[in-house]
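The values are calculated or read from the model by the stated rules, or taken from the named source; none is laboratory data. Not measured: the values here are computed from a predicted model. So basically every Cβ, Gly included, is an ideal-geometry build from the backbone, and we count neighbours across all protein chains shown. Side chains included, ligands, DNA and RNA excluded: accessible areas come from the protein's heavy atoms. Shrake-Rupley method; radii C 1.70, N 1.55, O 1.52, S 1.80 Å.
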Amino acid sequence: MKLSVLVLIAALAVGISIGLVNFYFQHSWYFMLMSFGVSFLTCFIVFYYLLEKYIYSKIVLIYKLIHNLKLGKDLKDALGEYVSSDPINDVEQEVKEWAGAKKREIDILKKQEQFRREFLSNVSHEFKTPLFAIQGYIDTLQDCLVDDPEMAEKFLKKAGKNVERLSYLINDLDSISKLETGEIPINYEKFDFVLLAKEVMDVLEDKAKIREITLSFKEKYTHPAFVNADREKIRQVMINLIQNSLKYGKEHGGSTAIKIFELHDQYLIEVTDDGIGIDEKHLPRLFERFYRIDSHRSREEGGTGLGLAIVKHILEAHQQIISVRSTLQIGTTFAFTLQKVG
């Protein structure tokens, strides 16, 4: 409500009250109208002056500050700009919106803090496991180096594998960090994605045979699909996704299929398996670093727990998206987009 309307209503209420009281005692319409007119004008002038000077001007200042600071302006700019025609109602709305925005920011910060704690805990755990194993193998190696050379060599190989795992962890973390900060450039080039996908399938064919999983490329999508992207990084994306499907796909008769769908200016690529699937509650966090649905099986299968996080960062660096859908005991599909070129 505007100040003038508010003062008018207040002055009318006082004027009418005084006029009615005067009429009650004087029984004269003339004196009632005179008292009403004088009291109305007096009240309007006095109320307007007092409210505008001591209350309204302060509300206008508060509103200007809230409105402009909400827009991200500094204090000097905030004091000299926007003025609302109805700041009393607007300041209430602005405060509610501002409070809601701050609550959302606080919720996001709490989630980020929780994620940070979980991430540090996971990093610590992932590094401690191979480090403790290496320490144990070395201690045992020292004891049996002379008495049992064959056993010593066995422990030495196991220690070497754990050192290799540590190296993979460090390299993957370094890659994610550089992708986030833009230190690793995206070298765009035109290439045939179909040819790249077939190369990756050839590389992973032996792993698929060991698990008796069939890798297939849908026949109707075998014509060239030229995209504009970093070929080596997209190769890494495909390797990570197919390896993931082999780890958790259906052994002894399972399948992993690659499909391409042509959109307006993009290609949609899907990697689908018929494995154990993923519970819906895990899907929102699937691309977090070190997030594992079944930590015991994940470590048995190998890997650093960073593969899907790297995939997500590579595609985001290309300004593309990746999504996942899954049904327990039916299978999982990872889908991402790439820019199409003629």
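From the list Leu173, Leu204, Leu215, which one is of a type in the set (A, V, I, L, M, F, W, C) and under 26 Å from the mean Cα position of the chain (by Cα)? Unique residue meeting the criteria: Leu173. When Ile269, Ile239, Ile234 are checked against the criterion of being surrounded by fewer than 19 Cβ atoms within 10 Å (Cβ to Cβ), of a type in the set (Val, Ile, Thr), closer than 20 Å to Gln320 by Cβ and modelled with pLDDT of 90 or more, Ile239 stands alone in meeting it.
Okay, residues lined up against (1) under 30 Å from Ala309 (Cα atoms); (2) open to solvent by 50 Å² or more (accessible area, probe 1.4 Å); (3) at pLDDT 75 or above; (4) polar (S, T, N, Q):
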residue: Asp139; (1), (2), (3), (4): no, yes, yes, no
residue: Gln142; (1), (2), (3), (4): no, yes, no, yes
residue: Ala152; (1), (2), (3), (4): no, no, yes, no
residue: Asn171; (1), (2), (3), (4): yes, yes, yes, yes
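Arg165 falls short on exactly one of the conditions (1) open to solvent by 70 Å² or more (accessible area, probe 1.4 Å); (2) in contact with a helix residue (DSSP H, G or I) (Cβ under 6 Å, 6 or more places away or on another chain); (3) within 28 Å of Lys250 (Cα to Cα), and that condition is (1).
Take the range 2-31 and flag every residue that is in contact with a helix residue (DSSP H, G or I) (Cβ under 6 Å, 6 or more places away or on another chain), under 29 Å from Glu52 (Cα atoms) and hydrophobic (A, V, I, L, M, F, W, C). Don't jump to the end; show me each part of the working.
First pass over the range 2-31, keeping only residues in contact with a helix residue (DSSP H, G or I) (Cβ under 6 Å, 6 or more places away or on another chain): 3, 7, 10-11, 14-15, 18-19, 22-23, 31.
This time we only want the ones that are under 29 Å from Glu52 (Cα atoms), so: 3, 7, 10-11, 14-15, 18-19.
Correct list: Leu3, Val7, Ala10, Ala11, Val14, Ile18.
Highlighted here are the strands (runs of 3 or more DSSP E) found entirely within the range 190-294 that include at least 2 residues which are farther than 17 Å from Gly331 by Cα: 226-229, 254-262, 266-273. Residue pairs whose Cβ atoms lie under 7 Å apart, separated by 6 or more positions or on different chains, with the first residue in the range 282-300 and over 16 Å from Pro130 (Cβ atoms) and modelled with pLDDT of 70 or more and the second among the hydroxyl-bearing types (Ser, Thr, Tyr) and not in a helix (DSSP H, G or I), are Leu283/Ser326; Arg285/Tyr291. Starting from the range 21-47, take each residue that is assigned to a helix (DSSP H, G or I) and list its partners that are open to solvent by 70 Å² or more (accessible area, probe 1.4 Å), counting only C-beta distances under 6 angstrom and pairs at least six apart or across chains. The qualifying pairs are Asn22/Phe31; Ser35/Ile18; Ser39/Ile18. Could you tell me whether any residue of the range 3-20 is modelled with pLDDT under 65, assigned to a helix (DSSP H, G or I) and surrounded by 12 or more Cβ atoms within 10 Å (Cβ to Cβ)? So far as the range 3-20 goes, yes, one or more of its residues are modelled with pLDDT under 65, assigned to a helix (DSSP H, G or I) and surrounded by 12 or more Cβ atoms within 10 Å (Cβ to Cβ).
Checked against the criteria, Lys207 counts as basic (Lys, Arg) and either at pLDDT below 90 or more than 30 Å from Asp265 (Cα to Cα) (or both).
In this structure, is Gly182 modelled with pLDDT under 75 and open to solvent by less than 90 Å² (accessible area, probe 1.4 Å)?
yes
Summed over the range 316-330, residues that are assigned to a strand (DSSP E or B) and open to solvent by 90 Å² or more (accessible area, probe 1.4 Å) total 1.
Taking the stated definitions as given, is Glu183 in a loop (DSSP other than H, G, I, E, B), out of contact with any Leu (no Cβ under 9 Å at 6 or more places or on another chain) and under 21 Å from Ile321 (Cα atoms)? Step through it out loud before you land on a result.
Values: in a loop (DSSP other than H, G, I, E, B): yes; out of contact with any Leu (no Cβ under 9 Å at 6 or more places or on another chain): yes; under 21 Å from Ile321 (Cα atoms): yes.
Judged against the criteria, Glu183 is a match.
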